[in-house]
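Only one structure is covered here, and it is reproduced in the block below.
Any read-out appearing in this document is the output of simple, stated calculations on the displayed coordinates, not a laboratory observation. Note that the structure is predicted; figures quoted are calculated from it, not measured. FYI the Cβ positions are ideal-geometry reconstructions off the backbone, even for glycines, and counts take in every protein chain you see.
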């Protein structure tokens, strides 16, 4: 896992992934007490950075293997990223989803051309079903984060941040990244190490699900006591990965933790000041930039806004409760 | 008024205005029955394309004149665009606003560093107050649309559309533009004439305020019977301008008209599928692309999403009523 893989992924993604903008607002600068630059990955295809990793992994497969198709386990952003990347490659995608996944997510994944296979969370073994399907049909499993080509794809976000921040005169700053299994954070950290040594990645997590922050403190992989019950569902995982954690541990600054209400406030701020739609998990880094400034150094901070797949009800609840996020 | 002025404005705007992305979604393509590309000018500084015209006009002034400051009449997007451009130039801006303008818009304009001067719509003459202030303080009036350097600034949107559409393989398409006084539409039309002759600008207006569509039909400047009472307030003007209309008349395809509910539906579609925030007036072109396909030709259509300055209540009302806009 190194910068060459990220550069190679960037080549494969060229003309396919969007180069999302690095946004800002004087109102957010004032609120944070320093310049705030927001990498709007919610504007990526399928509404989150996950398309980058999906495309990277698919495009790295030998053509014959790719032709047989891919399989992914996900009820969320990874499913849509892989499904869309597979569709654009013209190859089949099977997405294994719990039978009780939100209907809208199932419908969206199907509409992107994937075959959705359901399993019963309570009685069936997801991994066993996946392994059987993969073997029967010759499908390749695309893991959500602990997979080098997926990390390489997410890392292309970091290459863009390095260039875009320099264009805006920012060469020293913390780069706050919403962190689940650590695919995006570790990819960005590797990209910054090679191309912008003054920028330092730091994971951001919701309170109660801060496995990565605790792992960075203790120096070993720590687990969350639970993995459900958060509005930040997109970034909830049991623990950092076997591949991602050593990278995080070597390169990342201390983790930050925000409350669910801070994530909602950041969603409201992004609506009012940036005109972008963020889901709670995609808003945690912006929340840390805006409301935890005392834990951040320097004149500028960069926050990755990693996804925007949120339903209207949850979104409007945040707007109603938190005004313009100030 | 010609392409050289637009190219010169693009030079002056370089590094100051954002090059906003040209977004798309397979879900919108399916809904429209053709490819839909959306130029997301809601992501421009101050949340609308108006920053381009404000910056263009300010930066075109002789330095001595600019130093004295500028004045604008506006309760909306033009005020914020001019205020922010003046602040970035380090010169004073006076914005003349009706005393009953929304408090949030007044607060935002002030927070961008402008001096807000109020007048009473019922008893005071805005133009007379503006002329007096301009003379007393040596301020230069920046008109919202009927001003060559403003049109040139808005036209830079068209230069970007030409390049970005070609990058995505689109060289023949209608380019739908939300239209008030016609500054954005005429600027884009001039830019496309010179750089992408297969792209044709067409104004889009809300029902009941279709002065430009009627003017294009009759061949002379027609007026709206009223200029209040629309949720699309950002694009409501009495009539096309003396400078803009001849350009619109020479270059633009027939106007399109959408209902307020179609604008709301398009806001919901942009939320769900593109993760951007649109105000009603900024959503009319997307509404025409999605819901008036029978009046559009070709395999692809480009819609300008011109602004996103909408309050949470109006936005959430649209989401609640129109789901995902399909």
Let me know the Rg and Dmax you get for chain A when you use only its Cα atoms, in Å.
18.5, 57
If each part is reduced to its alpha-carbon centroid, region B:98-141 and region A:284-326 end up apart, in Å, by 33 Å
At 222 nm, what value in deg cm²/dmol follows for the protein assembly as shown if DSSP H runs of at least 4 each add -39500 (n - 2.57) and the sum is divided by all its residues, to the nearest 500?
-14500 deg cm²/dmol
Between copies, how far does the label point of residue B:254 sit from its twins, in nm, shortest first, when each point is 7 Å from Cα along Cα→Cβ?
6.7
Arranged from highest to lowest average of other beta-carbon atoms within 10 Å per residue, in what order do the peptides A:105-117, B:44-56, A:124-136 appear?
B:44-56, A:105-117, A:124-136
Rounded to the nearest Å, what's the spacing between the alpha carbon centres of region A:1-74 and region B:262-279? Just the number, please.
23 Å
List the relative contact order of region B:51-141 as a percent without decimals, with contacts defined as Cα pairs under 8 Å and 6+ residues apart.
31 percent
Could you give me D for region A:153-306, from Stokes-Einstein at 4 °C and 1.567 mPa s, where the hydrodynamic radius is the Kirkwood radius over C-alpha pairs? Units µm² s⁻¹, please.
86 µm²/s
Using the Cα atoms of region A:51-141, I'd like the radius of gyration and the largest Cα-Cα distance, Dmax, both in angstrom.
12.3, 37
Answer rounded, prolate or oblate for region A:110-178, using the Cα gyration tensor with square roots of eigenvalues a ≥ b ≥ c: rounded when a/c is under 1.5, else prolate when a/b is larger than b/c, else oblate.
prolate
Can you give the % of DSSP beta bridges in chain B that are antiparallel, to the nearest 5?
10 percent
Given C-alpha coordinates of the protein assembly as shown, what is the ratio Rg to Rh with the Kirkwood estimate of Rh?
0.98
With Rg and the Kirkwood Rh both taken from Cα atoms, where does Rg over Rh land for region B:249-309?
0.98
Can you list the copy-to-copy distances for residue B:169, using a point 7 angstrom from Cα toward Cβ, in nanometres, shortest first?
4.1
Inter-copy distances for residue B:219, nm, shortest first, label points 7 Å along Cα→Cβ, are 8.6
Bin all alpha-carbon pair distances of region B:53-205 at 10 Å intervals from 0 and give each bin's fraction as a whole percent.
12, 35, 30, 17, 6, 0
If you draw the axis that swings chain A onto chain B, which residue of A has its Cβ closest to it, and how far is that in whole Å?
A:316, 2
Here the percent of antiparallel bridges among DSSP beta bridges lying wholly in the protein assembly as shown, to the nearest 5, is 10 percent
Return the inverse of the average 1/r over all pairs of distinct C-alpha atoms in region A:152-209, which is the Kirkwood hydrodynamic radius, in Å to one decimal.
11.3 Å
Förster radius 30 Å - calculated FRET efficiency between residue B:128 and residue B:223 (Cβ-Cβ, nearest 0.05):
0.85
